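The values are calculated or read from the model by the stated rules, or taken from the named source; none is laboratory data. Since we're looking at a predicted model, the values are computed, not measured. Here Cβ is always computed from backbone atoms with ideal geometry, including for glycine, and neighbour counts include all displayed protein chains. These area figures cover heavy atoms from the full protein model, side chains too; ligands, DNA and RNA do not enter into them. Shrake-Rupley method; radii C 1.70, N 1.55, O 1.52, S 1.80 Å.
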Amino acid sequence: MTPKRFALVMALVWAALAYGAPWLGSLIRPGAWPVIPSSVMKVYLLTIAVGMILAATSSESGRRALLDPIIDLYVNPRRAAARNLAILLISALGAWLVHGAAAMDDTPPPRVRAAHPAPPGQAAPWGIQRDLQTLASPYPPGSAGRRGAVARGREIYFQNCVFCHGARLAGDGQWRAAFDPAPTDFAGGESIVLLNEGYLFWRIGSGGAGLPPEGAPWDSAMPAWDRMISAEDAWSVIAFLYDHTGQSPREAAARPPGAPPASTGKALYERHCAGCHGAEGRGDGPAARFMSPPPRDFTTGLYKWKTSGPEHDIPRDEDIYSLIAHGAPGTAMPAWRGSLDGGQIREIAAYLKSFSDMFEGEGNPPPLNRGAPPPEDARRGREMYFTAKCDECHGPAGRGDVIKRLKEDSGAALWARDLTKPWTFRGGASVEAIFDRISAGVPNTPMPSHAANATGGGKLSPEDRWHVARHVAAMADPSLKPDPGRTAVIAEKTGAPPAGPDDPQWSAAPSTAFWLAPQLMEGERLFTPANDSLAVRALYTERELFLLVVVDDRTRSIPGDERAQALAVGEYGLDALAIQTPLELDDVRPFITETGRSPYPRCTGAPTAKAPCTWRAGRARGPGRPRRRMRWRTANGARGRGG
């Protein structure tokens, strides 16, 4: 075996491990891409290399074929150039490997924690000492009070638990992305089926703060519910969880199962949808008053995201199916395709149509005629964006600036979509999907149809709708999208403090975005926040740290300001910012400038691991007169007074 053949075989083995094995895995399990750990790959490569060397050197001819070219490279004076190049490449490879092993990695370290740590022998949730090993539900399957407990548990779940654990009970609630560890998936086969009822009673009552040492780190957002609901309510929720998932507790495998799987559209709706949309489809389920946007009222027959033309009031059957299957990003509506098969989704879609007489005698409308896309013209797209007055709601830069108060026809508050965040588009983010929204509008909202044969009067021709759709798609800002695998804020060193939020220096600092979740746990709970994420960039000098915080805040939170109150939805307080670091720092300055004073106001005290650095916006002394004049830059690109 020659050195060239040896290198070729090693390269092929590496490619097979790095790409071939994951590809085969994706064939076995579609949608997955299993990756072989680097440590395992190194073992395989080393084993194969040693095996080939032993095989090659087992004979004199093989040894000479392998080693003679290498010896010749290092002793032959005529091969000095090749020898120097080989030494340089080997040295560079060694340096690269050493650097890779020693360099600081911004990937958070893995955290090993027991998902279901062993409970103590006894615990005292709700203030009563109980033996958790023998504790059992007072509402076992088949008992007289079981049916009522399941109904009560369902109501409690949809008023308190659905926001994290989701309508599918799969740990995919509206705010799931902001939590680490993630909410428990009750519907999975490795969750409550492995636990007894006493364990669930203990976990619900004690919450994340009651985890034992093997459950560390103790950063679970699960509250201690024994401060907010009764023990009887907790047992009702447990009965609902087992009944809804069709599972039984670990020690009760021989018990009668829960409710049988639903099959008809009505039964499927009542089981999976009524918790939010209500038994009669009016959008008034137990969870409805806690949700923004509110659940759809199916009795109106109006669906926001449709691909039928503006001349048709009703959506296509495919639109209803798609919404159920794929869900609506940024809302409590999950993607049901992981829990229901295609036939079940079609059954539900057909049943939804029975709630409204708008579908009576109507067939399935034809799809919207998109026509042939014209050649790209960025200038025309921007021009038509303003011609169609898109900026009046979405803002000049598409960031959803709040210029006027918007609401649905039902009276529910509404925020214009931030076009720089296409992952929040509920009808799809492709250019074709955006074209459909521009053409059909969004029924029940101020978003009109812009479809016309010719441009004029706020309407757009098919060609100009394509131009605007491309312009909107180009507004996407990937730096604002949270990445679950990136949680560390990496600061870049700078020679001088940045001059402002538009200083080019900020572009050198990587953006780290985070999902936000409202305070849902206890006390004064917030269910309908306007902000769902923020992004942070950091720069530092030898003595100072500078942070650029980009928040998707469309409101002017200045108590006492008349204009701010006119645009606000309900009560609001001061904007505030808190910065907490694991180490003590001498000086941290949030990038908020104050008129007539230092452009970098210090926080009220340097941050430590226990004491965060805080900043609060000002109040208005009188109508439109803030006590402190502050300037800030928000995600909507606006500068203004407040925070």
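Excluding Arg382 itself, calculate the net charge of residues whose Cβ lies under 13 Å from the Cβ of Arg382, where each Lys or Arg counts +1 and each Asp or Glu counts -1. Show your work: numbers first, answer last.
Details: positive: Arg379, Arg380, Arg470; negative: Glu376, Asp377, Glu383, Asp391, Asp464.
With Lys, Arg at +1 and Asp, Glu at -1, the neighbours total -2.
At a 1.4 Å probe, what is the % contribution of carbon and sulfur to the accessible area of region 1-90? Write out the running numbers ahead of the final one.
Details: 4770 of 6610 Å².
The C+S portion of the solvent-accessible surface of region 1-90 is 72 percent.
What's the extension gain from Gln133 to Leu73 if we count 0.36 nm per residue and subtract their Cα-Cα distance?
Details: separation 60, 0.36 × 60 = 21.60 nm, distance 7.26 nm.
So the extension gain works out to 14.3 nm.
Any idea of the accessible area per residue across region 487-542, 1.4 Å probe, to the nearest Å²?
Details: 2790 Å² over 56 residues.
Ligands and nucleic acids excluded, the figure is 50 Å² per residue.
Need one number: nm distance between label points at Ser143 and Ser410, each 7 Å from Cα along Cα→Cβ, rounded to one decimal.
Spacing of the two 7 Å Cα→Cβ label points: 3.7 nm.
5 Å is the cut-off here: which amide hydrogens, built 1.01 Å from N in the peptide plane, fall below it relative to Ala123, excluding neighbours closer than 5 in sequence?
So Ala123 has HN proximity to Arg130, Leu132.
Compute the FRET efficiency between Ala82 and Ala454 as 1/(1 + (r/R0)^6), taking r as their Cβ-Cβ distance and R0 = 51 Å, and round to the nearest 0.05.
Values: r = 71 Å, r/R0 = 1.39.
Taking R0 as 51 Å, the efficiency between Ala82 and Ala454 is 0.10.
What does a probe at Glu280 reach in region 146-175, counting residues whose amide N is under 20 Å from the point 7 Å along Cα→Cβ?
Only 155 pass the distance filter.
Grab the other residues whose beta carbon is less than 13 angstrom from that of Glu408, score K and R as +1, D and E as -1, and report the net. Provide the component values of the computation, followed by the final result.
Details: positive: Arg296, Lys304, Arg405, Lys407; negative: Asp297, Asp409.
Result for the neighbourhood of Glu408: +2.
Can you work out the FRET efficiency for the pair Ile28 and Arg370, with r the C-beta to C-beta distance and R0 = 35 Å, to the nearest 0.05? Show your work: numbers first, answer last.
Working: r = 38 Å, r/R0 = 1.09.
Approximately 0.40, to the nearest 0.05.
Excluding residues on the same chain fewer than 8 positions from Lys266, give the lysines whose Cα lies under 29 Å from its Cα.
Correct list for Lys266: Lys304, Lys306, Lys353.
Run the simple label-point estimate for Ala491 and Gln122 please: 7 Å along Cα→C-beta, distance reported in nm.
Result: 5.1 nm between the two label points.
Beta carbons within 10 angstrom, averaged per residue: use that to sort the peptides 538-544, 430-436, 239-245, highest first.
On the way: 538-544: 14.7, 430-436: 19.0, 239-245: 24.7.
Highest-to-lowest ranking by the protection proxy: 239-245, 430-436, 538-544.
Could you check the simple spin-label distance between Glu60 and Arg563, using points 7 Å along Cα→Cβ, in nm with one decimal?
Once both label points are built, they end up 9.6 nm from each other.
Within region 384-426, name every residue whose backbone N is under 12 Å away from a label modeled 7 Å from Cα of Thr528 along the Cβ vector.
It comes to 407-408, 410-415, nothing else.
Can you give the FRET efficiency to the nearest 0.05 for Thr2 and Leu97, using r as the Cβ-Cβ distance and R₀ = 35 Å?
On the way: r = 25 Å, r/R0 = 0.72.
The computed FRET efficiency comes out at 0.90.
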